[in-house]
Every structure is written in structure tokens, then in C-alpha cells.
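Visitor: First, the structure itself, so that you have it in front of you.
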Amino acid sequence: MLREVVRVGICPKAPAPVVGHSTGLTAAEGMTSAAGSSVSLTSEAAAQPHDESHRLHADLRRALGRALAIRVVDAGSCNGCELEINALANPFYNIEGEGIQFVASPRHADMLLVTGPVTRNMQQALIDTWHAMPAPGLVVAVGECACSGGIFGEEGACVGRVSRVIPVDTSVAGCPPSPSAILAAIHAAVRSAPGR
């Protein structure tokens, strides 16, 4: 995208949609859209993540029976995974409307979502955060760096993957993983929790 901005400059008007290029528009809809009328995108591909989100929310309510409080810990990430986690709070995924909320204190959290390779500077803070959580203290490693150390590995300023520092219940790979994949990992961690 940056190369495109450098090539053509910043345009005050949005460009016309490209027909058949990840928009789900047919040729007729693309021409109508370019002409200025609004087009509703109701393809099966666009509806599928939304249906998956509703199914996962219903399963979470059945498994938990109450709200789920999540503390997000950035152990040294590039913030790509945080953007996807923040997308869970938008109206499309609506996790807060379904009883899942992000909390500021690990003392109020049922689960940690940990992103990034654990840096040496964040190692003790992550351990302290995990110890401050009430039992069962579920942990989900989010993103390739949290699962394996990613491109940073386990050298220099990085301890590496989260499981080298604290026990991990579920991992979700991807750089970054999609909000649906993160929600599915949250669901898997809740289902695997003892006593659930």
C-alpha cells in the first residue's frame, strides 16, 4: 500500500473498487458501485466469519456460565497481534456484548492473551502477571512469535516463546492470526480448563 501511495500520491477521493479483487463483487455490481450507488456485500465468504463468531460465543456462554475476563500482555510484539485482538471488540465480533471483556488487572482476569516473543525485560513481568491471576489462570499464546519465538528466536534480547516462561493452555499461530482464530483459541482454552 505504501508503494502505491508513493507511486500515485495521496488521492482525496477513494478509488473505484477493483472488480473481482477480494471484494466479492461481480462485474455488474462493480460497475454499479463505480457509478456511485451503494452495493451490499452479502457473499457467503463475508457472512461465514460472522456466523462462526456467533457459534463460538454461544459455546463460550455454555462452557463458562458467566463472563470471561481477559488480560492482554504484550511481551515484546510488533503490535500486529494486538491490532487483531482489538478487532475482537468491534461491532462485527462484539465480544463485550457476548460477555467477554478485557480487564486492566491480572487479579480480575480469568485468562491471559500473550503476544510477541518474551523479551528478557518482560520475562519477570509476565511471570508476576501470571502469578497474580486467580486459578485456573488460563494462558493463550497469540501469534507466531508467542508460539515459537518467530523471527526473533531464542537469542539475544529474547527468551523466545511464551511456553518457555509460563505454562500455555492454547496457542494460535499466524502472523498475525485472524480475530476468528483468536476467538477459537479462547474457546479452546476455556473448554480445556479443569472443572469446565
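Visitor: Would you please give the residues with an amide H less than 5 Å from that of Val139, counting only those at least 5 places away or on a separate chain, with H modeled from the backbone geometry?
Guide: Leu112, Asp169, Thr170
Visitor: Name the residues whose placed amide hydrogens come within less than 5 Å of the amide hydrogen of Gly160, ignoring near sequence neighbours (fewer than 5 apart) on the same chain.
Guide: Under 5 Å from the amide H of Gly160: Val118.
Visitor: Would you mind checking which residues have amide H under 5 Å from Val72's amide H? H placed 1.01 Å from N; only 5 or more apart, or other chain.
Guide: Val103, Leu113
Visitor: Right, something else. Could you give the spread of the C-alpha atoms of region 67-192 along their three principal axes, from largest to smallest, in whole angstroms?
Guide: Reported extents, whole Å, longest axis first: 42, 29, 24.
Visitor: Tell me, what HN-Hα J-couplings in whole Hz come from the Karplus equation 6.51 cos²θ - 1.76 cosθ + 1.60 at θ = phi - 60° for each residue of region 72-85, using x for Gly and Pro?
Guide: Rounded to whole hertz, the list is 9, 10, 8, 8, x, 7, 8, 6, x, 5, 5, 4, 6, 5.
Bear in mind that the values in this text are calculations on the coordinates, not laboratory data. Computed from a predicted structure; not experimentally measured.
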